[in-house]
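Let me begin by presenting the structure, written as structure tokens, before commenting on it.
Every number here is computed from the coordinates shown, using simple stated rules; none is lab data. These figures come from a predicted structure and were not determined experimentally. Glycine also receives a Cβ, built like all others from the backbone with ideal geometry; neighbour counts cover every protein chain displayed.
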């Protein structure tokens with residue numbers, strides 16, 4: 001019984017560790033623009049690094065008025081390891097806009 005529990009524990013550690021180091025090509029291929037940050041975390045886990053900024057975007061309306069809005073911009077990185085390249089993801093207002101390996 002102890003051997004079975006020990007084996008299950010090791011398997012669990014290997015599964016959780018596999019997402020911490022990088023994103024394999026199959027996982028990367030399943031990411032599509034338009035996915036939410038929550039969808040990405042469910043698939044890949046939390047990124048190794050995350051930066052957040054706010055951009056102010058202003059547009060001129062037809063009546064000459066200027067309309068400004070704040071847009072949240074996030075950049076996430078999943079570090080690579082000896083076998084996996086680092087993966088960078090960019091989001092605008094919580095939606096995936098770019099992915100790079």
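For this structure, a couple of remarks:
- Note on segment 22-73: the alpha carbon radius of gyration divided by the globular reference 2.2 N^0.38 Å gives 1.70.
- Mean Cβ neighbour count within 10 Å, used as a protection proxy, ranking 44-57, 23-36 highest first: 23-36, 44-57
- Inter-label distance, nm, simple model (7 Å from Cα along the C-beta direction), residue 42/residue 90: 2.6
- Note on residue 69 and residue 32: their simple-model spin labels are 2.3 nm apart, each label 7 Å out from Cα toward Cβ.
- Potential lengthening between residue 25 and residue 53 on full extension [0.36 nm per residue; Cα-Cα distance subtracted]: 7.3 nm
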